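S.K.: Structure below; questions to follow.
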Amino acid sequence: MLEVKGLQVAYGQVTAVWDVSITVAQGELVAVVGPNGAGKTSLVNTVAGLVPAQQGRIHFLGQDVTALPSHERVALGLCLCPEGRKLFPDMTVEENLRLGAYTWRDRSEIARRVEQVFALFPQLAERRAQVARTLSGGEQQMVALGRALMARPRLLLLDEPSLGLAPIVVTEMFRAIRKIHEAGTTVLMVEQNVHQTLEIAGRGYVIENGRIALAGTSGALQADPHMRTAYLGLGA
Ligand SMILES: Nc1ncnc2c1ncn2[C@@H]1O[C@H](COP(=O)(O)OP(=O)(O)OP(=O)(O)O)[C@@H](O)[C@H]1O
Ligand SMILES: [Mg+2]
């Protein structure tokens with residue numbers, strides 16, 4: 001479904017991603033984990049079309065999308081739930097959700113999808129008319145994820161959905177992501193919460209200093225000595 005080949009991303013003189021190649025097959029839940037500043041956001045933002053690729057190619061569903069603007073990638077089903085949520089603070093929960101469906105014209109379909117998001121996150125249903133800035137951090141993350149779902153993604157890109165959330169809310173967020181995946185959406189997620197991410201992902205990549213340092217099934221990564229000491233806080 002997604003093939004990223006030899007990707008390089010730079011901001012002026014600073015290169016953030018070096019020769020990164022990753023794939024995601026239809027139906028997979030793939031993780032990219034790594035420390036602060038490793039290049040995770042640069043990678044997914046480039047896949048989503050928010051940051052240009054300096055070198056390399058991005059193919060989505062067999063089409064070269066490397067030069068395609070972000071909104072055209074969304075129309076193909078490549079949708080990002082960005083780091084830091086990026087909600088419109090003075091708009092309501094429902095208005096923020098509806099913005100995610102801007103490529104869709106069918107009003108009854110949009111209404112149906114709003115209700116699907118509320119079924120996934122019942123806590124949001126009772127807050128549908130509340131402005132986003134007064135929501136808790138967890139509720140804001142639910143709206144951000146819901147907004148990405150409104151575009152009917154075939155591949156959902158998630159950038160640190162658990163960032164800054166209390167442990168109980170993190171667990172709830174991971175449960176929702178697992179549900180979305182089980183319902184048929186392919187997922188590529190970037191996370192620092194390595195332990196819980198590898199519990200739901202089938203496969204993962206470890207990115208360090210802008211390069212892929214390690215790749216494998218979640219089981220293989222959980223058993224890897226470097227992963228256990230550097231990321232999982234376990235003995236080698
Ligand atoms: N807009 C930008 N301008 C200049 N440098 C940037 C920009 N965005 C990111 N960088 C640099 O690129 C590198 C990778 O940053 P990136 O945000 O991709 O990392 P990350 O893995 O997502 O980190 P975090 O876990 O903290 O979110 C860092 O050195 C960062 O300073
Ligand atoms: Mg980041």
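Nothing in this text is a laboratory measurement; each read-out follows from the coordinates by a stated rule. Note that this is a predicted model, so its numbers are computed, not measured. Methodologically, a virtual Cβ is constructed for each residue, glycine included, from the backbone with ideal geometry; neighbour enumeration extends over all protein chains shown.
S.K.: Checking PHE88 against (1) surrounded by 15 or more Cβ atoms within 10 Å (Cβ to Cβ); (2) in a loop (DSSP other than H, G, I, E, B); (3) more than 16 Å from ligand 2 (Cβ to nearest atom): exactly one of these is not met. Which one?
M.R.: (1)
S.K.: Another question, if that's okay. Can you confirm whether VAL206 is buried (at least 22 other Cβ atoms within 10 Å of the Cβ) and in contact (Cβ under 8 Å) with a residue 12 or more places away in the chain?
M.R.: Considered against the rule, which asks whether it is buried (at least 22 other Cβ atoms within 10 Å of the Cβ) and in contact (Cβ under 8 Å) with a residue 12 or more places away in the chain, VAL206 comes out as yes.
S.K.: May I pose another question? State the number of residues belonging to the range 155-210 that are touching a Leu at 6+ places or on another chain (Cβ under 6 Å) and polar (S, T, N, Q).
M.R.: 2
S.K.: Need at least 3 residues that are farther than 26 Å from ALA16 by Cα per element, so show me which helices (runs of 4 or more DSSP H) inside the range 171-236 make the cut, counting only ones lying wholly within it.
M.R.: Qualifying helices (runs of 4 or more DSSP H): 218-223.
S.K.: Hey, among THR46, THR66, THR23, which residue is more than 16 Å from ligand 2 (Cβ to nearest atom), within 27 Å of GLN196 (Cα to Cα) and free of Cβ contacts under 8 Å to residues at least 40 places away in the same chain?
M.R.: Within the list THR46, THR66, THR23, the selection yields THR23.
S.K.: Residues of the range 146-164 being buried (at least 19 other Cβ atoms within 10 Å of the Cβ), over 10 Å from GLY100 (Cβ atoms) and not small (Gly, Ala, Ser), which ones?
M.R.: LEU155, LEU156, LEU157, LEU158, ASP159, GLU160, PRO161
S.K.: Looking only at the range 32-61, which residues are under 16 Å from PRO153 (Cα atoms), in a loop (DSSP other than H, G, I, E, B) and of a type outside the set (A, V, I, L, M)?
M.R.: If the condition is that a residue be under 16 Å from PRO153 (Cα atoms), in a loop (DSSP other than H, G, I, E, B) and of a type outside the set (A, V, I, L, M), then GLY49 is the only one that fits.
This table checks each residue for (1) of a type in the set (Phe, Trp, Tyr); (2) within 16 Å of ligand 2 (Cβ to nearest atom).
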position: GLU126; (1), (2): no, no
position: PRO153; (1), (2): no, no
position: ASN193; (1), (2): no, yes
position: TYR205; (1), (2): yes, yes
position: GLY219; (1), (2): no, no
position: ARG228; (1), (2): no, no
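S.K.: Considering only residues that are over 11 Å from ILE200 (Cα atoms) and among the acidic types (Asp, Glu), which ones fall in the range 170-184?
M.R.: Result: GLU172, single match.
S.K.: Now a separate question. For a quick check of your reading of the model, give me the residue pairs whose first member lies in the range 90-102 and is at positive phi, whose second is assigned to a helix (DSSP H, G or I), with beta-carbon atoms closer than 8 Å and at least 6 apart or on different chains.
M.R.: Close Cβ pairs (under 8 Å, with a partner that is assigned to a helix (DSSP H, G or I)) do not exist here.
S.K.: Tell me which residues, restricted to the range 91-118, are closer than 23 Å to THR134 by Cβ and in a helix (DSSP H, G or I).
M.R.: Scanning the range 91-118 gives VAL93, GLU94, GLU95, ASN96, LEU97, ARG98, LEU99, VAL114, GLU115, VAL117, PHE118.
S.K.: Next up: Could you check ALA101 against (1) within 22 Å of HIS181 (Cα to Cα); (2) surrounded by 14 or more Cβ atoms within 10 Å (Cβ to Cβ); (3) within 16 Å of ligand 1 (Cβ to nearest atom) and say which number it fails?
M.R.: The single condition ALA101 does not satisfy is (3).
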